[in-house]
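Before any comments, here is the structure.
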Amino acid sequence: MKRIEIFRTNVFDKATARMLVRNLKRVFPRSKINFDLEDCDRILRIESRQPIDIRRVHFSLKLEGYRADILN
């Protein structure tokens, strides 16, 4: 079963998004991770067959000075 989590972020540029995706892939290997910076909420989407630890997503972005808020 696929699990999908969607977050609102404060990431504005593609270079930062690429760096954050690389970092998150270390935490969530074999997950599909991408940003939609064109969306007004600058969406981060994580799709995985494993459970997605939301706290680890928050922490990973916070370490780099960014925010990720879960969208319901």
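Heavy-atom accessible area per residue, the chain, 1.4 Å probe: how many Å²?
Working: 4920 Å² over 72 residues.
I get 68 Å² per residue for the chain.
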>> To test your reading of the geometry: what angle, between 0 and 90 degrees and rounded to tens, separates the Cα axis of helix 14-27 from the longest principal axis of the chain?
In response: 20
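State the dimensionless ratio Rg/Rh of the stretch 6-48 (Rg: radius of gyration of Cα atoms; Rh: Kirkwood radius). Intermediate results must be reported in sequence, preceding the final value.
Working: Rg = 9.7 Å, Rh = 10.3 Å.
Computed over Cα atoms, the ratio is 0.94.
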> Rounded to the nearest 500, what is the chain's calculated 222 nm mean residue ellipticity when only DSSP H runs of at least 4 contribute -39500 (n - 2.57) each, over all residues?
Replying inline: -10500 deg cm²/dmol
> Under a plain spin-label model, where a point goes 7 Å from the Cα along Cα-to-Cβ, how far apart in nm are K2 and C40?
Replying inline: 2.7
>> How tilted is helix 54-63 with respect to the longest principal axis of the chain? Cα atoms for both, answer in degrees (0 to 90, nearest 10).
In response: 30
> For the stretch 42-50, in order, what is each residue's ³J(HN,Hα) by Karplus, 6.51 cos²θ - 1.76 cosθ + 1.60 with θ = phi - 60°, in whole Hz (x at glycine and Pro)?
Replying inline: 6, 5, 10, 10, 10, 10, 8, 8, 9
> Per 5 Å bin, what is the whole-percent P(r) computed from every C-alpha pair distance within the chain?
Replying inline: 3, 18, 32, 28, 14, 3, 0
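With every protein chain kept in the model, how would you rank I43, I4, I70 by accessible area, 1.4 Å probe, largest at the top? Please report the intermediate quantities before stating the final value.
Working: I43 25, I4 80, I70 60 Å².
Result, largest first: I4, I70, I43.
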>> Using the alpha carbons of the stretch 29-71, what is the convex hull volume per residue in cubic angstrom, as a whole number?
In response: 82
> Got a number for carbon plus sulfur as a percent of the chain's accessible area, 1.4 Å probe?
Replying inline: 49
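The values are calculated or read from the model by the stated rules, or taken from the named source; none is laboratory data. Just so it is clear, the model here is predicted, and its values are computed rather than measured. Positions of Cβ are backbone-derived with ideal geometry, glycine not excepted, and every protein chain shown enters the neighbour counts. Areas reflect the complete protein model, heavy atoms only, side chains present, ligands, DNA and RNA absent. Shrake-Rupley method; radii C 1.70, N 1.55, O 1.52, S 1.80 Å.
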